[in-house]
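Engineer: Got a structure for you, written out below as structure tokens; questions coming shortly.
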């Protein structure tokens with residue numbers, strides 16, 4: 001006897017889907033008054049089958065189960081029935097099911113309905129079958145006498161549906177010159193057991209050279225370990241390690257563990273950009289299975305590995321077969337696998353490694369762009385991590401835990417995902433806004449003293465020169481204000497623009513690319529924040545005040561930007577005013593085939609400046625690096641490549657040490673090396689001219705000259721240690737006196 005709840009469910013399905021229901025005479029019999037034989041007023045068998053097919057098309061397996069005969073329902077459970085269908089759909093990579101009723105044949109209380117069923121699959125295309133659906137008349141309804149053959153006729157006598165897969169090798173990821181960033185190959189995990197080492201200086205020296213590690217880093221790990229511990233040090237491609245293999249194998253205490261893997265050279269080149277592989281999570285399993293995955297693959301978890309997953313994985317092929325109880329096979333469908341595609345990035349390995357090396361010991365980011373195309377030449381984030389540690393076959397993978405629990409969050413791509421107060425690099429946008437609005441022109445003079453009291457005698461603000469013993473320049477124009485990074489000039493400009501119209505400054509600085517994502521798309525990014533009167537009222541229920549515009553004038557207050565946004569702005573200044581969408585992918589192509597995707601520069605608009613206004617801004621940035629009084633001139637003396645740029649020392653939240661910024665561009669105009677625009681940002685470290693500008697110079701030297709000729713201020717002659725720099729005092733007890741050089 002059927003339960004009342006199940007009968008109500010059956011009635012709802014039939015009333016919604018059966019086309020042969022007749023009203024008002026026909027009613028559904030109840031178990032207490034069954035109709036033993038179908039009459040003219042009862043639903044027909046075609047309608048039951050159509051309801052079954054409609055439920056199947058939406059993968060409503062419980063709805064399908066409710067249409068089975070009592071005997072069929074007694075033979076299984078709703079859960080087992082659902083599992084049988086869902087497993088078959090996943091195995092066959094079915095995206096959709098369509099069924100069509102063709103004919104009906106009745107014989108007393110039995111009927112047969114002929115249907116066509118089409119599966120649209122990811123791997124095998126369309127799988128079509130003509131199926132005879134048997135039905136019996138029970139409890140006043142036509143009910144389906146179900147067997148496995150209604151899934152596929154080949155399953156009628158029992159058997160298992162299997163995907164005999166052929167999987168293409170994962171595509172590689174390269175830099176712009178074809179150097180591998182993520183490739184399949186043999187690798188060797190290298191570690192040591194300290195208690196077995198007999199010649200520590202030799203072990204440290206050889207391992208330092210073999211793994212490109214600082215000797216001090218290896219020494220520190222050895223000092224922290226017990227004699228019987230295994231201490232993982234790093235991985236190397238087997239081919240790269242081959243010349244040193246004999247020497248390594250002869251050293252007591254050195255442990256080499258070969259494995260085959262998706263290998264990331266040099267411990268990860270741009271790891272936050274390239275990403276890493278990991279297992280399919282339970283939450284994502286159904287989605288991946290719907291795309292033809294079996295579920296036990298390792299897939300892209302972040303960066304380009306995730307963005308390009310479908311291209312890198314290729315199209316799996318194989319055979320869909322039914323394996324009978326006797327071991328025989330019936331082939332249902334076949335498809336050929338399609339090769340994976342490889343991704344060639346816009347990155348320049350040498351420049352990328354230089355950026356990563358310069359950031360060691362800091363928290364921060366570097367972005368280098370081709371200003372004429374938007375191509376990303378380097379994108380570094382520190383602290384970094386080794387993506388090889390996410391491979392469980394790597395003996396050193398125990399280090400994965402340290403990555404995941406690190407409070408500094410090395411997985412975070414600070415270049416795009418972190419938003420910071422920009423400090424004085426933002427004065428480029430404020431100067432441009434003042435010129436574009438007509439509030440100032442190239443000849444407008446504003447006094448630049450050590451103090452500024454435009455908000456009243458009780459709200460005095462200070463120039464960065466105030467506690468340095470540096471004389472303020474006095475009356476200056478906007479070009480000089482940029483060169484000297486004069487806070488009072490930009491305080492006054494912000495105040496004057498706000499007095500004219502409180503929305504003008506926020507509106508115009510947004511036109512320099514702030515307050516919205518850049519649209520890079522291939523990695524996640526934050527939008528940052530450009531506040532305005534409406535935002536402040538909605539967020540804090542507090543009106544906009546002149547002081548908010550004054551703070552915005554020097555890139556402080558509520559203003560937040562990403563390093564990538566600053567890089568895109570400075571690139572537009574460099575190229576004559578055009579915003580190009582930043583891009584990380586140069587091309588995507590299969591082996592020996594034409595590219596399916598190639599970088600095409602995409603203009604996103606222009607700076608809101610006339611050519612003369614832009615020239616005024618550029619003159620100020622040139623002065624910063626080349627003329628007396630420029631805040632970074634001392635960092636670029638004797639450099640053979642002309643550069644322009646802007647320093648920034650941004651007050652950080654919570655009274656932490658300030659963030660150091662430098663944004664600039666080169667003007668070499670060499671046919672063999674395109675000029676670049678770049679930003680360097682270091683968290684909570686000190687002045688932009690002291691920390692960020694020297695790193696920018698280092699990048700210029702390596703990119704154009706092939707080597708660095710100057711030593712960074714915190715480096716020793718022997719090697720660059722972990723940076724532990726005490727920030728320069730910045731009068732943090734009085735935020736109004738924080739420097740914005």
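FYI, it's all coordinate maths here, none of it is from the lab. This structure is a prediction, so every number in the text was calculated from the model and none was measured. Ideal geometry is used to build each Cβ from the backbone, glycine not excepted, and the neighbour counts take in all protein chains shown.
Engineer: Could you tell me whether segment 277-345 comes out rounded, prolate or oblate from its Cα gyration tensor? Rule is a ≥ b ≥ c as square roots of the eigenvalues, rounded for a/c under 1.5, then prolate if a/b exceeds b/c, otherwise oblate.
Structural biologist: Values: a/c = 3.67, a/b = 1.80, b/c = 2.04.
Since a/c reaches 1.5 but b/c is at least a/b, the shape of segment 277-345 is classed as oblate.
Engineer: Same structure again: For segment 417-705, what is the Kirkwood estimate of the hydrodynamic radius, computed as the reciprocal of the mean inverse distance between distinct Cα atoms, to one decimal in Å?
Structural biologist: Working: mean 1/r = 0.0514 Å⁻¹.
Computed over Cα pairs of segment 417-705, the Kirkwood hydrodynamic radius comes out at 19.5 Å.
Engineer: Something else about it: Taking segment 346-425, how much of its Cα-Cα pair set, in percent, is spaced more than 14 angstrom apart?
Structural biologist: Details: 2155 of 3160 pairs.
Within segment 346-425, distances greater than 14 Å cover 68 percent of Cα pairs.
Engineer: Using bins 10 angstrom wide from zero, how does P(r) for segment 144-300 break down, in % of all Cα pairs?
Structural biologist: Using 10 Å bins, I get a P(r) of 9, 27, 24, 17, 11, 6, 5, 1 for segment 144-300.
Engineer: So what is the 222 nm mean residue ellipticity for the chain from helices alone, if each DSSP H run of at least 4 adds -39500 (n - 2.57) and you divide by all residues, rounding to the nearest 500 deg cm²/dmol? Can you show the working numbers first?
Structural biologist: Details: 24 runs with 222 residues, N = 741.
Estimated from H runs of four or more residues: -8500 deg cm²/dmol.
Engineer: Please compute the contact order of segment 277-345 in relative form: average sequence separation of alpha-carbon pairs under 8 Å and at least six residues apart, divided by the residue count, as a percent. Each step should come with its number before you reach the end.
Structural biologist: Values: 85 pairs, mean separation 17.4, N = 69.
Reported relative contact order: 25 percent.
Engineer: A further question follows. Going highest first, how would you order 560-571, 183-194 by mean Cβ packing within 10 Å?
Structural biologist: Values: 560-571: 28.5, 183-194: 19.8.
Result, highest mean first: 560-571, 183-194.
Engineer: Would you mind checking the tilt of helix 563-575 against the longest principal axis of the Cα atoms of the chain, expressed as 0 to 90 degrees and rounded to 10?
Structural biologist: Its long axis makes an angle of about 60 degrees.
Engineer: Students often get this wrong, so try it: which of [x] 46, 31, 26; [y] 40, 29, 28; [z] 64, 36, 22 is semi-axes √(5λ) of the Cα gyration tensor in Å as calculated from the structure shown?
Structural biologist: [z]
Engineer: Tilt of helix 78-91 relative to the longest C-alpha principal axis of the chain, in degrees (0 to 90, nearest 10)?
Structural biologist: Taking the Cα atoms of the chain, the angle to 78-91 is about 60 degrees.
Engineer: Sorted by average packing, counted as other Cβ atoms within 10 angstrom per residue and highest first, what order do 57-63, 265-271, 306-312, 207-213 take? Walk me through the numbers before you get to the answer.
Structural biologist: Working: 57-63: 15.1, 265-271: 23.6, 306-312: 19.9, 207-213: 17.6.
With the highest mean Cβ count within 10 Å placed first, the list reads 265-271, 306-312, 207-213, 57-63.
Engineer: When ranked by the protection proxy of mean other Cβ atoms within 10 Å per residue, highest first, what sequence do the peptides 243-252, 420-429, 627-636, 526-535 form?
Structural biologist: 420-429, 627-636, 526-535, 243-252
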